[in-house]
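Just so it is clear, none of the values below were taken in a lab; they were calculated from the coordinates. Nothing here was measured: the structure is a model prediction, and the numbers come from that model. When we count neighbours, we look across all protein chains shown, and the Cβ atoms used for this are built from the backbone with ideal geometry, even at glycine.
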Amino acid sequence: MHPVPLFIKGRILDNLEAVRGHFLLRLKLPPAFHHPVPGQFVMIRVTESQTPLLARPMSIYAFEKGAEHSVLEIFYRVAGAGTRILSGLKPGDELSLLGPLGNGFSGNQEARRAILIAGGIGISPLTFLAASLSPIREPFPVEMTAYVGAQRKEALAGLDRLSAVCPDIRICTDDGSMGYGGRVTELFERELDAFDPQGCAVYACGPRAMMKRLAELLEKHPLPCQVSVEERMACGLGACLGCAVAVRTPGGDVAFMRACKDGPVFDIRRIDW
């Protein structure tokens, strides 16, 4: 079981725009904050006022634990009022956060190769995962291949950090302005048969349409695959039931699980897309 999440204050070290509309937030946290598992998230409250009322779920991009303090990194896209306010905060400002939350990716000890499939800001939790894989398996680190997709070249973000731990990155843009011209799942489909199901594991995060298509591709292919779903959340603790995900039961029925408590990482074959 994961340690109990903490309500805690973090002080901003940096909050810099990496590419247009995408920001890297670095927070200094007390040492009591538990070391997160790749795929876990935090709930960040961007202001103490009533607007916006709800905290925002943010995937963890990187984490470094120290004796006197820890540093948590969040890579986020400005998508609404909350993230717009967040992007305007400066070094020295304080944020309230709750975490780490949820269930992260579980390592496949049999896999010798990890395939990462990221759409848009989905690159964030997968970068944290990639950074954790090689040290776990020394002296036999996991080989990694990453498929990274965006609508256009200017929307590609986070490549520098990912390329430092995964040199094999295959870029896809919908408009063909960089890399493969088409959706990230299209390139993966072309290369799917080259991956040995006995030695590979797939990890994905991105828009629902991307992951639904990935599920369709893997229906007749035995590659194991875990996905981190992107759902709106209100509490992050499983109490409000606002982030329900439809899943298939062993008996073939459909039930609902909470993305914040039971996920956000699920086996792709369990989700009823």
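Points worth noting:
- Across all directions, the shadow cast by the convex hull of the chain built on its C-alpha atoms averages 14.7 square nanometres.
- Segment 60-212: antiparallel DSSP beta bridges as a percent of all, rounded to 5: 15 percent
- Spatial separation of Cα centroids for segment 82-97 and segment 206-232, in angstrom: 32 Å
- Computed over segment 187-273, the quotient of the alpha carbon radius of gyration and 2.2 N^0.38 Å is 1.16.
- Derived scalar couplings between HN and Hα for segment 187-195 equal 5, 4, 4, 4, 9, 4, 5, 7, 9 Hz in order, rounded to whole Hz, by the Karplus curve 6.51 cos²θ - 1.76 cosθ + 1.60 (θ = phi - 60°), x for Gly and Pro.
- Rg and Dmax [Cα atoms of segment 231-273; Å; Rg one decimal, Dmax integer]: 10.3, 30
- Here is how the number arises for the chain: DSSP H runs of 4 or more residues each give -39500 (n - 2.57), the sum is divided by the residue count, and the result at 222 nm is -5000 deg cm²/dmol.
- Fewest-first ordering of Asp196, Asp262 by other beta carbons within 10 Å of each residue's beta carbon gives Asp196, Asp262.
- As a proxy for reagent exposure, ranking Phe266, Phe188, Phe195 by other Cβ atoms within 10 Å from fewest up yields Phe195, Phe266, Phe188.
- From least to most packed, judged by other beta carbons within 10 angstrom and beginning with the fewest, Tyr147, Tyr180, Tyr61 follow the order Tyr180, Tyr61, Tyr147.
- Using alpha-carbon coordinates, inclination of helix 123-136 to the longest axis of the chain, degrees: 80 degrees
- Farthest toward positive dipole pole in the chain [+1 Lys/Arg, -1 Asp/Glu at C-beta], among Cys205, Pro31, Thr127: Pro31
- Approximate spin-label separation His35-Gln198, in nm, with each point projected 7 Å along Cα-to-Cβ: 3.3 nm
- Taking segment 206-273 and dividing mean pair separation by its residue count, relative contact order in percent (alpha carbons under 8 Å, at least six apart): 35 percent
- Angle of helix 208-217 to the longest C-alpha principal axis of the chain, folded into 0 to 90 degrees and rounded to 10: 20°.
- J(HN,Hα) series, segment 157-163, from Karplus relation 6.51 cos²θ - 1.76 cosθ + 1.60, nearest Hz, glycine and proline x: 9, x, 5, 4, 5, 5, 5
- Spacing of the modelled spin labels on Cys240 and Phe7, each 7 Å from Cα toward Cβ, amounts to 1.5 nm.
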